[in-house]
Amino acid sequence: MECLSIIFLTSFFLLILKYILPFLIQYIQLRQDYRDISFLPLSSFPLVGNLHQIDSRGYVFFQLLCQMSKECQIKRKGIFCLWYAIWPITFVCAAKGLETFISNSKQLVKSFDYKLFEPWLKTGLLTSNNDKWRTRRRLITPSFHDTELLRSFIHIFNEQAIILTHRLEQLAQQSNKTYDLYPYISACTLDIIAETATGTHLKAQFGDENNTVVQATTRIGEIINCRMRFPWLWPAFIFNQLPIGREHNRLLKILHDCSRQVIEERLVAFNADEMNCKRRLVFLDSLLIQMHAQKLSLDDIQEEVDTFMFEGHDTTAAALNFFCYLMGCYPDIQGKVQAELDAIFADDRERPCTLEDIEQMTYLDCVIKESMRILPPVPSIAREAQIDFTYRDQIVRKGTTVFIFIYGIHLIKMSFPIQINLIQNDLLISH
C-alpha cells in the first residue's frame, strides 16, 4: 500500500513538472512581458485576469475596447492587453508599425476565435490557414476579377435596389414611426449575393422584415461574439449543453439547409446545361467545375458557399446600414451626394444605373470610404503570432492572439491621407 502511494505521488509530481510547471513559468513570463500594456487592473483572485471586467453585453464590451484604445493612443503605446483568465489577448490600435506584422507571410494563421465559426463555415476561405487557404484562394480569386462578369450582374443590383427603395418608401409614408433599416438592407444584399454567386432567387425581400435566413445570420453572429468573450463557453461539450448552444445548433441547421438546397438546385441545372455555353456562369459554377475536376467535394463547396453567403451579404449590409446612419447624421453631406446623383441622372430617375454612371460618382465614392473609416463593418480581425515580433518597442510573444482593432485604428486621423480636392475637408467628421 505504501509502495502504491509513493508511485501515485511520484506520478503526480512528474505530471506537474511536465505540464503544469512549464505552463506557469510561461504565464509568469507573459505577465512580465505585457505588464506595460495591461492597463486594466487584474483581479485579486488568481488566474482570473480581466474576466470580471468583461460585460456580457456586446456593445458594453465594445465601448470598453474603444476606451482602452483611446487610452493607449494617449500613452503612445498603440497596443494594449486584456487577460482572458490566463490567456493574454493583445489589441493593436495604431497603424504605424503594423505593416511589418500583416505583411509577414509567417503571420497568416487565424486566432482561436475563428474556430468558433467552424461549426457554421467549416474551414472555408475565412477560417482556413496556410496551404488550404492558399489553395482555395487560387481557385476562387479569378471569379472576382472578371469585369465582364461584374457588368453582367449590374441588372441584378438594379432590380434588387428598386425593390429595396419601394420597401423603404412604404416605411417613409408612415409618419411618427422609426424603423431599424438593417433587416431590409440585409434582405436586399442576401438576394443579390444569392443570385450573383449561386444563380438562386431567394426572394428574401418579398417576405416581411423577419426573414428566417437574415434573422438566423444576425443571431448566430451575436452568439459567436458572445462565446468569444467567455472562455467557459469555448469547450463544445459544455457549450452544446447550454440553452445558447442549443439555439446556436438550431440556427446552424437553418443556414446549412438553405445553402445545401441552393447547391443541389444549381448542381441539377449545371449538369443539365453543362454543354450550354450561353448560360451565364456564377461563382458557384466555378466551384462545381472544380468538383467535376475532382479538386473539390460537395462538402468543400458548401463551406465556401456558406462563407460567401455570409461575408457577401452581412458585411455589405452593415456597411450600407452605417452609411445610411451617417447620412442621417450629416444632412449637408447627404445633400452633396444627392446633387451629384441628380447631375448624373438628370430628370430620369427611373432608368437603370450603369457602370459608366458609377464611375462618375466620385464624391459618393469618397463618402462611402469615409463612412467605412468611421464605422467599419468589420471592426477587427485576429491572428495568432507564429513567431515573436516587436511592435513599437513592445515584444509580442509567439502564440499570443493579436487583434487588429480596425475601429480604433480608423479613429486616428493622422493615419489617413485626406483627398482634400475631392471632399474639401467636409468628410473629416469628428465622430
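The values are calculated or read from the model by the stated rules, or taken from the named source; none is laboratory data. As the structure is a prediction and not an experimental result, all values here were calculated from the model. Note that we place each Cβ from the backbone using ideal geometry, even for glycine, and neighbour counts take in every protein chain shown. For the accessible areas, the whole protein counts, side chains as well, though only heavy atoms, and no ligand, DNA or RNA atoms are used. Shrake-Rupley method; radii C 1.70, N 1.55, O 1.52, S 1.80 Å.
For (1) at pLDDT 90 or above; (2) in contact with a Cys (Cβ under 9 Å, 6 or more places away or on another chain); (3) closer than 26 Å to PHE153 by Cβ, each residue gets a yes or a no:
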residue	(1), (2), (3)
TYR363	yes, no, yes
MET372	yes, no, yes
ILE404	yes, yes, no
ILE412	no, yes, no
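Going through THR123, THR178 one at a time, which residue ends up being among the polar types (S, T, N, Q) and within 17 Å of the chain's Cα centre (by Cα)? Steps first, answer last, please.
Numbers: THR178 fails: within 17 Å of the chain's Cα centre (by Cα).
Among THR123, THR178, only THR123 is among the polar types (S, T, N, Q) and within 17 Å of the chain's Cα centre (by Cα).
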Practice problem: Determine whether segment 300-312 contains at least one residue that is surrounded by fewer than 18 Cβ atoms within 10 Å (Cβ to Cβ) and touching a helix residue (DSSP H, G or I) at 6+ places or on another chain (Cβ under 8 Å). | Solution: no
Quiz item: List the pairs whose first member sits in segment 66-82 and is closer than 19 Å to THR401 by Cβ and part of a helix (DSSP H, G or I), whose second member is small (Gly, Ala, Ser) and open to solvent by less than 10 Å² (accessible area, probe 1.4 Å), and whose Cβ atoms are under 6 Å apart, counting only residues at least 6 apart or on separate chains?
Solution: SER69/GLY408
Practice problem: Taking the residues in segment 199-241 that are hydroxyl-bearing (Ser, Thr, Tyr) and part of a helix (DSSP H, G or I) as candidates, determine which candidate is most open to solvent (accessible area, probe 1.4 Å). | Solution: THR212
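Mind listing whichever residues of segment 112-126 are part of a loop (DSSP other than H, G, I, E, B) and either within 19 Å of LEU233 (Cα to Cα) or among the small types (Gly, Ala, Ser) (or both)? Quick ask: steps written out before the conclusion?
Within segment 112-126, the subset part of a loop (DSSP other than H, G, I, E, B) is 122-126.
Correct list: LYS122, GLY124.
Kindly establish whether ARG134 is under 27 Å from LEU255 (Cβ atoms), in a helix (DSSP H, G or I) and not β-branched (Val, Ile, Thr). It would help to see each step written out before you state the result.
On the way: under 27 Å from LEU255 (Cβ atoms): yes; in a helix (DSSP H, G or I): yes; not β-branched (Val, Ile, Thr): yes.
Yes; evaluated as a whole, the condition is true for this residue.
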Quiz prompt | Top-ranked residue in segment 142-183 [being open to solvent by 80 Å² or more (accessible area, probe 1.4 Å) and among the polar types (S, T, N, Q); ranked as modelled with the lowest pLDDT] | solution = THR147
Self-check item: Which numbered condition CYS258 misses (of (1) free of Cβ contacts under 8 Å to residues at least 40 places away in the same chain; (2) surrounded by 12 or more Cβ atoms within 10 Å (Cβ to Cβ))
Solution: (1)
Practice problem: List every residue pair whose Cβ atoms sit under 6 Å apart, with the two residues 6 or more apart in sequence or on different chains, where the first one lies in segment 39-59 and is without any contact (Cβ under 8 Å) to a residue 60 or more places away in the chain and the second, anywhere, is of a type in the set (Val, Ile, Thr). | Solution: LEU47/ILE86
Practice problem: All but one of (1) touching a residue at least 12 places away in the same chain (Cβ under 8 Å); (2) open to solvent by less than 70 Å² (accessible area, probe 1.4 Å) hold for PHE112, so report the exception by its number. | Solution: (2)
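Yes/no matrix, rows are residues, columns are (1) at pLDDT below 80; (2) exposed (fewer than 12 other Cβ atoms within 10 Å of the Cβ); (3) under 30 Å from LEU411 (Cα atoms); (4) touching a helix residue (DSSP H, G or I) at 6+ places or on another chain (Cβ under 7 Å):
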| position | (1), (2), (3), (4) |
| --- | --- |
| LYS18 | yes, yes, no, no |
| ILE25 | no, yes, no, no |
| ARG35 | no, yes, yes, no |
| PRO41 | no, yes, yes, no |
| LYS70 | no, no, yes, no |
